[in-house]
Every structure is written in C-alpha cells, then in structure tokens.
Amino acid sequence: MTYKIKRFCLFIFSFICSTASLLAQSNDYKLWYNKPAQVWTEALPLGNGRLGAMVFGNPATEQIQLNEATIWAGSPNNNPNPEALTNIPKIRELIFAGKYVDAQALATQKVMSATNQGMPYQPFGDLRISFPGHTRYNDYYRDLNLDSACTSVRYKVDGVTYRRETFTSFTDQVLIIRLTASKKAKITFNAVLTSPHQDVLIASDGNCITLDGVSANHEGQKGKVKFQGRVTAKTQGGTLTSKDGVLTVENANEAILYVSIATNFNNYKDITGDAQERTKAYLSKALQHSYSETKKAHITYFKSFMDKSSLDLGLNLSKETTDKRVENFAQTNDANLVATYYKYGRYLLICASQPGGQPANLQGIWNDKMLPSWDSKYTTNINLEMNYWPAEVTNLTELNEPLFKLTKEVSETGTESAKVMYGADGWVLHHNTDIWRVTGSIDKSPSGMWLAGGAWLSRHLWEHFLYTGDTTFLRSVYPIMKNAALFFDQVMVKEPTNNWLVLCPSSSPENTHAGSEGKATIAGGVTMDNELITSLWNIIIASSKTLNTDADFANHLQVRLKEMAPFQIGKWGQLQEWMYDWDDPADIHRHVSHLWGLFPGGQISPYRTPELFDAARTSLIHRGDPSTGWSMAWKVCYWARLLDGDHAYKLITDQLSLVRNELKKGGTYPNLFDAHPPFQIDGNFGCTAGIAEMLMQSYDGFIYLLPALPGVWKNGEVKGLVARGGFETTIKWSNNQVEKVVITSRIGGNCRLRSLTPLTGTGLTEATGDNSNPLYDIPTTSKPIINEKAKLNSVELKKTYLYDLKTEKGKVYEIKSLTLKGN
Ligand code: FUC
C-alpha cells in the first residue's frame, strides 16, 4: 500500500470511529427502555403535584396507574393518647432507674395512640387502554424525558408505527395522552377506569367515562374522601362512543385522551368540596386548549423549575437502556448517569410537591397499593425532612410551600397533643403524621417514642430564611418555631447523673442501646435530641434579634442552653449516640441520627469543632456503607461534609446498584426510584442533595467550592446551586480543580468563599473576620466532653484559601482560578 492510500484508509477509519462515537454520545437527559414495564418499579412516573401517574407502556394494554394527592383513608381526626399524661412521669422514673425495658413496655401501652396509627395514602386506580391486535410488535422504545416531563412509547405493528405521548399537565391539571399512527384510520381502542377501592361506581356520561369512589375505612376511622375520575377524548377522524363505562375510539387518525381526577378535600379539617364539580371544571378548561398549546404551557411551567440548576459531568457515552446503565455503574463509573440521577431527583420533587398541594410523602405522590408500606405517610424522624433537602440548595425553593403548610398545620394539631399528652404549652409532633396532620405518638414505643418532629421541621423554616433573607417570611413563621421551642422548654427535665437538662422519655431513632442490652430504644438525653433542641433554641435567639422581638424568651433560652447535655466523645473515639457511652463499634443500624449535627444541622465542622468532626467520622466509619436507600443517601451527605469525596462517591455507587424488584437490599429500581426496599422516595432526594453537597457547601461562615469532589469527576460544571445568604453559584472545574465560578447575589452582602486553590476576580479580597452576616449559619456548639481513653483519629485538612466578595443585590460576579493554565 502506498503511503497516500494508507493515509486515506486511516482517515476513513478514524472518520467512521468518530461518527460512531458521536452517535453513541448524547446530552439528552432521559430514562429509556426497549421493553414495556412488567412491574410497577419499571413504569415511568409523571406528576403535577396533585396528580401522579405511572406509565407502563404496554402496546396491547396500556396501563397508567393513577394517584391524586388527597386520596387518603379515614377522615379528619387527631390521635393523642390522654393516658400519656399520667404515665410519662412514671416512664421517666423507670428510665432514670435504668429500667429501660419496663419503661419501653409502659410507653407502648400508655403513650402510643389508642385510636389509630395514622391513615394510609391510597391510589385512585388505573386507566387501561386496550388496542386490538397489538400483541405482536417490534421496534419497541419508551422513555421519560427529563426536559419536557413527558413519556413516550413507540412501536410497530404490521409496518405501522404507533406513538403515545403522555404528560400530567401542570397548567391544565389533567393527564393527557396523545395517540398517533403512521397511517390514517389506525387508532382503535377501548379505554376503561379501574380501581382497587371497594364499591366504586363506573359509568358513562355523554362522551365521558367516570369512576366514583370513597377512600377506605381504616383502624376505626371512616373513609370519607370522595373522589371522581372522568375521561374523554378528542379524535381526528373515526368514531368516539362511551357506553357502560367503556370509551371506544375506532379508526381514528389520532386521539387525545384527557383524564381528570378530583376529590372533596379542602384541607385537613374540611372535606366538603365537590369532587364531581371539580373533575368537570378541570376537564372543560383543558378541552378548550389545543394539544400543542397545553403541551407548550406544561413544558414552559416545568422548565421554569427544572432549568434553574443543572449538572454536567460529560456526555452520555452509553448505548444501554437506563436499567442496564444502573446495573453496570460500579464498573463503568458512568458520570452522566449521576448527572441524570441529580436531574431526576429534582424532576421528582417538581412533580410531587407543588405550591398549594400536599408535601411529598414516603413515595412522593406515586403509590399503587391500598396499604402501602408505612402507609406512605410522613415519617418525621428522617424521611419527610430528607425529601426536602434538595429544595433550597438545588434552586427549587418554591417547592417547600407544601412542607411549610404542613408544618403550620401540625403546629395546630400538635397544640392539642402537647396539652393532652404532656400537659404542656406549645406543640408536639411525634415520628409520624398523615394528611389529617395527626400528632399523637404511633406504632410501638421503639419507634414511636420520639418527639422532636417540631424541632426538625422548624429548622426547615429557618433554613428558608438563611437562603432568602426574607424577614417577612421569618416573622410569619416565628410563632410556629417559638411554640415548638416552648414545648421543649416545658417538658425537659434534669436527669439524676449529671443534672443535665434532657428530653425524657425519648429515643435515638429506632436504635436499641446497650443500657438495655439491646432490648430497648427508650432513653433520655439522646444526642440527636440535644442537637435538634440546641438548634431550635439558637434559631429562636437569632430570630428574636433579627426581628427585634421576644427578648425575654430568648434570654431565658440562653440560660437553658447552658443546662443542656453537651456533646460527648466516647471510649472508642466515637461521637456518643446516647448520654451514656453505650455505642457498639459493630453497630450498623441504618439510622445514624447522632450525626444530625454534622448534616443537616451544621453544628459539627472541620474547622470550628475538629474533635467532634473526628468523632463523627469514627462513628460513620463503623456504621458501614451499604444500607437502606435513605440511609445511604444520608451517608453521601455525611461523607461530603466530612470532606471525603471518594467515600461519598462510594456511597453513590452503593445507591446506584440495581434492584430488580427483589426486597433484599437498598439501591435503585429500573425506573431510578430509590429502593429502601420497597420504593421510598427519600433516597432519591437525599442523594440529590448529597451530590450538591459534594460540589458546594454553605455553612460555617463560608461557601466551600468543590469541598468533596471525587477523583472520578475530573471535569464538569454545576449551575444554579444556591448558597445560604442567597448566592446563586455556578462552578466549572477541570482536572479536579475550580476553573471558574459565577456568583449571582440575590440579596447583596459579603459573600465569603473557601477554595482549595487560589482565586482571582474583581472585588475579591482575602477574608477578614467579617462574619457578621446572620445568614452565615454559624451554629453555636458547646465544648464536648472527651473520654480520657478516646483516641481521636484526626485527618489532616487540606489547605484552603479564604476570600471576601462584597456583593450588591442582583449583580453577577465572575471568579477564576489563579493556578490553572491560561490564567
Ligand atoms: C423509619 C425508618 C424505616 C423507614 C420508615 C418509613 O421508621 O426507620 O427504615 O424508612 O421510617
């Protein structure tokens, strides 16, 4: 071969290779599959905050499982147990006498609700569409597009290509399915509504089909949520008829189905709405708009949230379906899959939690069971709060509204529970609530005897202020936080060993302790309570200053804070989970609640509290990595705060391990839903927040750029993360180092930066001691007591550079790395 021919062949070869790899690369963010869903955790979720839908995509019989956020069993009620009042002091005495098993038994008997354990969230039912002759198909494809919030299905039967496009319209409040074919007159189907509820009424009404029902009775509470589903279609060509609850379309060129669902629910104490009126109103409004208008409005609305933040970790180099990508993740380190997971976490929050609606429950808004696991309620000893961890930092602050409303509502029902159960003012929330905002203690005492829900939810109100600086908001929620603080002030007591002020009875969520030989969780003065209450009281003190109100109460809390149990570092160098040194180094319990002060509490910091930082790290190393879905997600956040990006990444790898519908291990289902198992959405949200924490942290007085970047993410860019103090932050990095940072200051003020490499930019100066901005979130942390035997395994912290950037509201600041080439 001559030299020229060789060169030509080489050119052709490299052209073919690069074209092939270009074809394999894409920057679409979607979940896609080459088979219909066989099981629910393969179906693809849609939602508009009120309606939830799981699309299976089966050619012959499409199944779209449907939810409406207010269909819950039971009816307005609260469930505090009045017997608690006289028994709490007895239980406390038993605990102080070391009789934990007896104390726990008495709490189960006399404190847990005697009426009900909360009501389950229930499905509406299913839309089933049968297409005659579509059992044999080829060229199958389905996806969920994370940029449009639409699913699509495509396949061929006898040479005709059929397409379905489905979305739950944010703007028109109905589910819409468009059915098309590549040849005319090919759309023929029957559609019916079905439901797992008893005694539903299925009927035809003009060109509609309807399904009416009422939510289930449960644990003595009569089901009173009335619901209706109403379906009709617009067709081009062919015929449309509705008879006996079956909607039939024959030989149409195209059909658009509209599904409207509504209930009689107005709020947690009022269910006098008219479900039928509402379904009709949603439907008639939706029918006035053309398909393309509605789709456009839906996408515009969706993108107004989605586009506020994005993560780029490189193109998608995989040709595999999404489930395969998860299956292969541990080998491939498929960074684009992590970026997809980040986007999906934000997608799920946008779809499950919209202003004016219900907060995301244990399954967000998606549930096909009459009795889902843990009733798909709101568990407040971690799960509900974790659902909202991505809200502020990933730029979705508006989506907090349902959580804030729930907090206000449980502060109302919790006032009754505080009085009835503890004889106290203020309000209490135990480890669970539901749509009726029950606040009594439920289940058995090992999980139910936990009462710090009010402190944790108050923290979310305060965080909103830290991110926005919105004092009007702070003023409006101050009474909620104050009354949460007041409750603890009144029920806490001095314990006999050290005379510390403690919450008792309580527990470190669901973990048994050596004081009871592993038989009981009940205890007093547990670390998590101390952290939560310290946080809450400090929030009140700070709010009182900011709002110039309530100085006496703030001063009182200042004194009380000094009486509280301090952090303790135990004999193997661990952060003590309990007041006594009971921690077992072999304990791998899924809850790691005593590290709340590390994340999200921010009380433990590498720079300000190095001993606690080391002790928290020791505790976490012993707890191990693989666990339930949400536990791994929390550990991603923990390792990020421990500044160990590679370990945080290891946890992402554990979380992104495929669970094909078995109930054995935590991980990720084919549709990227988190597997507790079973499906629990908190893991999706916690891990999304954890990814953000790896890239940027804002607490302890600084915005830390790339604090826990794992080695494998060499180059990338994250846009639109929000830092406390209202600084919208975009970070681009290359070779694992900051390249460029763009900061938009929403409210002005000194923006303080911590970086692993030196930076330069107009207005950037070396940091001074100016940390006066209250939005810096520098919690007060008491000095720990350290066991004499404890060996602290300290890690050397990397050198960092600290800067001040004086910002003006609304202005954008560009900062660059000094060390990267080209600067
Ligand atoms: C808590 C956890 C469980 C589960 C449940 C919903 O009780 O301990 O793992 O997440 O909530």
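General remarks:
- Legend: calculated FRET efficiency, E662 to T61, from the Cβ-Cβ distance at R0 = 30 Å, rounded to 0.05, equals 0.75.
- Cα→Cβ-extended label distance, 7 Å offset, between N138 and N499, nm: 8.7
- Two-decimal Rg to Rh for the range 563-654 - Kirkwood Rh, Cα set: 0.95
- Global geometry of the chain, whether rounded, prolate or oblate, following the gyration tensor of its Cα atoms and the 1.5 cut on a/c: oblate
- Residues in the range 600-614 carry Karplus couplings, in order, of x, x, x, 7, 9, 9, x, 9, 8, 10, x, 5, 5, 4, 5 Hz; the curve used is 6.51 cos²θ - 1.76 cosθ + 1.60 with θ = phi - 60°, and Gly or Pro positions show x.
- For the chain: relative contact order, % (alpha-carbon pairs under 8 angstrom, 6 or more apart): 12
- Within the range 747-781: backbone nitrogen closer than 14 Å to the E814 label point (7 Å, Cα to C-beta): 760-763
- A Cβ-based charge dipole, computed about the Cα centre of the range 594-656 with Lys and Arg at +1 and Asp and Glu at -1, lands at about 120 debye.
- Only the Cβ atoms of Lys and Arg (+1) and of Asp and Glu (-1) were treated as charged; on that basis the dipole of the chain about its Cα centre amounts to roughly 2240 debye.
- Rel. contact order, % - alpha carbon contacts under 8 angstrom, at least six apart, the range 472-612: 23
- Between I785 and K156, the simple spin-label model (points 7 angstrom out along Cα→Cβ) gives 7.6 nm.
- Calculated SAXS-style log₁₀ I(q)/I(0) at q = 0.13, 0.15, 0.19, 0.29 Å⁻¹ - the range 345-404, Debye, Cα scatterers: -0.31, -0.41, -0.64, -1.29
- Helix-only [θ]222 nm of the chain, DSSP H runs n ≥ 4, -39500 (n - 2.57) each, per residue, nearest 500: -10000 deg cm²/dmol
- J(HN,Hα) series, the range 142-157, from Karplus relation 6.51 cos²θ - 1.76 cosθ + 1.60, nearest Hz, glycine and proline x: 9, 8, 10, 8, 7, 9, 10, 6, 10, 9, 9, 10, 9, 6, 10, 10
- The slack between N267 and D307, meaning 0.36 nm per residue of separation minus the straight C-alpha distance, is 11.3 nm.
- Using C-alpha pairs below 8 Å separated by at least 6 residues, the relative contact order for the range 321-444 is 21 percent.
- Cross-link partners for K99 among the lysines, with Cα-Cα distance under 21 Å and sequence neighbours closer than 8 places in the same chain left out: K90, K110, K444, K494, K519.
- Taking Cα centre as origin and charging only the Cβ of basic (Lys, Arg, +1) and acidic (Asp, Glu, -1) residues, the dipole magnitude of the range 628-744 rounds to 140 debye.
- Under 5 Å, built H, 5+ apart or other chain: amide partners of L451: S507
- Selection from L561, V592, S544, by position along the positive dipole direction of the range 524-599 (Cβ): S544
- Paramagnetic label reach from E398 (point 7 Å along Cα→Cβ; backbone nitrogen cut-off under 11 Å): within the range 344-374, residues 354-356.
- Three-way shape label, the range 679-754, alpha-carbon gyration tensor, a/c 1.5: oblate
- Modelled label reach - R163, point 7 Å along Cα→Cβ, the range 103-147 residues with backbone N closer than 15 Å: 140-145
- In terms of its C-alpha gyration tensor, the range 279-423 comes out oblate, because a/c is 1.5 or above while a/b does not outweigh b/c.
- Residue order, fewest to most beta carbons within 10 Å, for E83, E327, E42: E83, E327, E42
- Rounded to the nearest whole Hz, the Karplus-based 3J(HN,Hα) values (6.51 cos²θ - 1.76 cosθ + 1.60, θ = phi - 60°) of the range 380-388 follow the sequence 9, 8, 5, 5, 4, 5, 4, 3, 9, with x at glycine and proline.
- Taking 0.36 nm per residue of sequence separation and removing the Cα-Cα distance, the T300/D584 pair yields an extension gain of 97.0 nm.
- Order by protection proxy (mean Cβ within 10 Å, highest first), peptides 563-570, 267-274, 87-94: 563-570, 87-94, 267-274
- Counting 0.36 nm for each residue step from E412 to Q558 and taking away their Cα separation leaves a gain of 49.9 nm.
- Calculated FRET value between E83 and K798, using beta carbons and R₀ = 41 Å, to 0.05: 0.15
- Among beta bridges that DSSP assigns inside the chain, antiparallel share in %, nearest 5: 95
Read-outs: derived from the displayed coordinates by stated rules, not from any lab. Everything quoted here is computed from the prediction, not taken from an experiment. Note: ideal-geometry Cβ built from the backbone for every residue, glycine included; neighbour counts use all protein chains shown.
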